[in-house]
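Q: Let me begin by handing over the structure; questions about it come next.
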Amino acid sequence: MSTVIIGSGIAGFGAAYSLYQHGIKPIMFEGKTYYGGHTASYKYDDGFTFDDGPHISFTKDERIQNIFAESVNNKYEVLQAKVNNYWKGYWIKHPTQVNLYGLPKDLVKKIILEFIDNKYRGNNSEDISNYRDWLYNQFGKTFAETFPMEYGHKYHTTTADNMSTDWLEKRIYTPDISEVLEGALSSKTPDVHYVDHFRYPTHGGFVSYLNMFLEKVNLKLDHNLTNIKPKTKELRFSNGERVNYKHLISSIPLPDLITMIEGVPDDVVDAASKLACTSCIMVNIGIDRNDISDSHWSYFYDRDFIFTRLSYPHMFSPNNVPGGAGSIQAEIYFSKKYKPVDKKPEECIDQVLNDLKRCGLIRPGDTILHTSARFVKYANVIFDLERTDALKIVHEYLDEQNILYCGRYGDWGYHWTDESFKSGETAAHKFVTGE
């Protein structure tokens with residue numbers, strides 16, 4: 001019997017890497033005809049490359065930096081992150097809370113007064129029971145409702161009062177009053193985004209970071225898992241193949257995993273159904289110039305813009321586009337639980353193009369060189385108020401079945417790429433050491 005990994009994303013390869021270090025070459029099954037999972041890259045015949053979302057590596061962990069660098073033969077770009085926001089015709093440096101300069105004066109005044117009032121009264125953590133409370137507590141009602149709550153609704157597809165604060169960590173910058181005032185009085189402000197510099201493969205898109213690991217697994221593509229029998233340790237696939245396993249590590253989304261397991265109790269099935277995740281339609285655009293934006297990605301607050309976030313893949317590596325061209329990837333979010341998909345990917349292309357023209361990123365006279373659209377079933381985990389209890393039930397059941405889980409969709413967390421890789425390593429370490 002074999003050690004088996006289900007899913008070929010960066011978490012699965014993290015597990016494979018750890019196992020290989022211990023002399024074990026696992027079998028990795030992937031349902032799609034290509035590997036990479038959420039870190040896949042798509043290369044088109046017209047010379048454009050688009051990732052499965054704006055993936056970058058900004059880990060400060062030197063060990064992970066060195067592993068990824070080795071995987072691309074030390075051929076990677078090192079870039080200083082530039083990020084901006086779009087709100088009602090204003091382009092605002094990110095994060096908005098310390099870059100209020102140039103916004104309507106009445107709005108800025110109200111935000112500052114509420115911010116000072118909050119700091120003067122002191123932050124009472126006992127009053128915080130959800131993400132909305134946390135935003136009010138940190139920034140005041142006006143800023144919270146104008147910016148992060150608007151963006152959050154587009155990104156998470158649910159309201160801030162239906163979300164926990166478990167995911168925050170350093171993702172939202174909390175300034176002191178001097179920083180807020182400085183950003184309101186001057187357009188020149190320090191860079192305080194949690195992503196300072198990042199790395200990106202020079203060739204082949206983000207999936208190139210997985211190159212080194214391919215030889216460390218027995219990779220089987222186009223193997224769609226349909227059934228898991230924990231009692232007999234057997235896997236069944238849609239092509240009729242059956243495989244017995246000794247150890248099983250899964251990086252696939254928990255709601256899908258639970259439906260594949262034979263004999264799952266009703267309470268576990270119910271808990272898995274409560275785990276929420278966004279889906280995403282990604283619209284890719286290529287145009288005949290590369291001076292689209294100085295930023296690497298942009299956040300859009302206004303609900304009348306179809307997309308939530310834009311990224312510019314040609315800014316990550318010039319090899320993501322034909323010579324002299326530029327590229328834009330637009331993300332449009334849905335969720336089965338809160339905002340079901342109501343359109344086909346191709347139906348979004350024209351509206352994305354129109355909205356890019358509205359905000360000035362596509363100009364009259366630009367030639368469109370590429371358009372494509374893809375649907376991604378699982379994008380970002382939604383930290384709604386049902387997540388914690390439901391996740392505990394699902395994880396405890398999987399532990400009982402000796403099925404290890406890892407990555408964003410196995411841990412059901414807000415993992416960055418390096419965290420997903422290390423999550424895979426951790427899962428592998430558990431059965432290697434017996435811990």
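The values are calculated or read from the model by the stated rules, or taken from the named source; none is laboratory data. Only a predicted model underlies this, so the values are computations on that prediction, with no experimental measurement involved. Neighbour counts are summed over all protein chains in view; Cβ atoms, including those assigned to glycine, are modelled from backbone coordinates with ideal geometry.
Q: Here are D384, D342, D418, D355: which of them is free of Cβ contacts under 8 Å to residues at least 40 places away in the same chain and of a type outside the set (A, V, I, L, M)? Full working, then the answer.
A: Working: D384 fails: free of Cβ contacts under 8 Å to residues at least 40 places away in the same chain; D418 fails: free of Cβ contacts under 8 Å to residues at least 40 places away in the same chain; D355 fails: free of Cβ contacts under 8 Å to residues at least 40 places away in the same chain.
Testing whether each residue is free of Cβ contacts under 8 Å to residues at least 40 places away in the same chain and of a type outside the set (A, V, I, L, M) leaves just D342.
Q: Another question, if that's okay. Listed residues E419, E386; which is of a type in the set (D, E, K, R) and under 13 Å from A272 (Cβ atoms)?
A: Values: E419 fails: under 13 Å from A272 (Cβ atoms).
After ruling out the rest, the residue left standing is E386.
Q: Moving on to the next point. For residues that are exposed (fewer than 15 other Cβ atoms within 10 Å of the Cβ) and within 25 Å of A379 (Cα to Cα), tally how many sit in segment 131-190.
A: 5
Q: Which members of segment 204-223 meet the condition of being loosely packed, with under 14 Cβ neighbours inside 10 Å and assigned to a loop (DSSP other than H, G, I, E, B)?
A: Answer for segment 204-223, where residues must be loosely packed, with under 14 Cβ neighbours inside 10 Å and assigned to a loop (DSSP other than H, G, I, E, B): L221, D222.
Q: Return yes when G47 is out of contact with any Asp or Glu (no Cβ under 8 Å at 6 or more places or on another chain) and either under 25 Å from H370 (Cβ atoms) or part of a helix (DSSP H, G or I) (or both) and no when it is not. If you could, list the steps in order and put the result at the bottom.
A: On the way: out of contact with any Asp or Glu (no Cβ under 8 Å at 6 or more places or on another chain): yes; either under 25 Å from H370 (Cβ atoms) or part of a helix (DSSP H, G or I) (or both): yes.
For G47, the condition - out of contact with any Asp or Glu (no Cβ under 8 Å at 6 or more places or on another chain) and either under 25 Å from H370 (Cβ atoms) or part of a helix (DSSP H, G or I) (or both) - is met.
Q: Take T232 and tell me if it is within 27 Å of the chain's Cα centre (by Cα), at pLDDT 95 or above, polar (S, T, N, Q) and surrounded by fewer than 15 Cβ atoms within 10 Å (Cβ to Cβ).
A: Values: within 27 Å of the chain's Cα centre (by Cα): no; at pLDDT 95 or above: yes; polar (S, T, N, Q): yes; surrounded by fewer than 15 Cβ atoms within 10 Å (Cβ to Cβ): yes.
No.
Q: Would it be correct to say that K88 is modelled with pLDDT of 95 or more, among the charged types (D, E, K, R), surrounded by 13 or more Cβ atoms within 10 Å (Cβ to Cβ) and out of contact with any His (no Cβ under 8 Å at 6 or more places or on another chain)? Show your work before the answer.
A: On the way: modelled with pLDDT of 95 or more: yes; among the charged types (D, E, K, R): yes; surrounded by 13 or more Cβ atoms within 10 Å (Cβ to Cβ): no; out of contact with any His (no Cβ under 8 Å at 6 or more places or on another chain): yes.
For K88, the condition - modelled with pLDDT of 95 or more, among the charged types (D, E, K, R), surrounded by 13 or more Cβ atoms within 10 Å (Cβ to Cβ) and out of contact with any His (no Cβ under 8 Å at 6 or more places or on another chain) - is not met.
Q: Here is a list: H395, H415. Which entry is of a type outside the set (S, T, N, Q) and outside any loop (DSSP other than H, G, I, E, B)? Let's see the steps before the verdict.
A: On the way: H415 fails: outside any loop (DSSP other than H, G, I, E, B).
Step by step, each of H395, H415 is checked, and only H395 is of a type outside the set (S, T, N, Q) and outside any loop (DSSP other than H, G, I, E, B).
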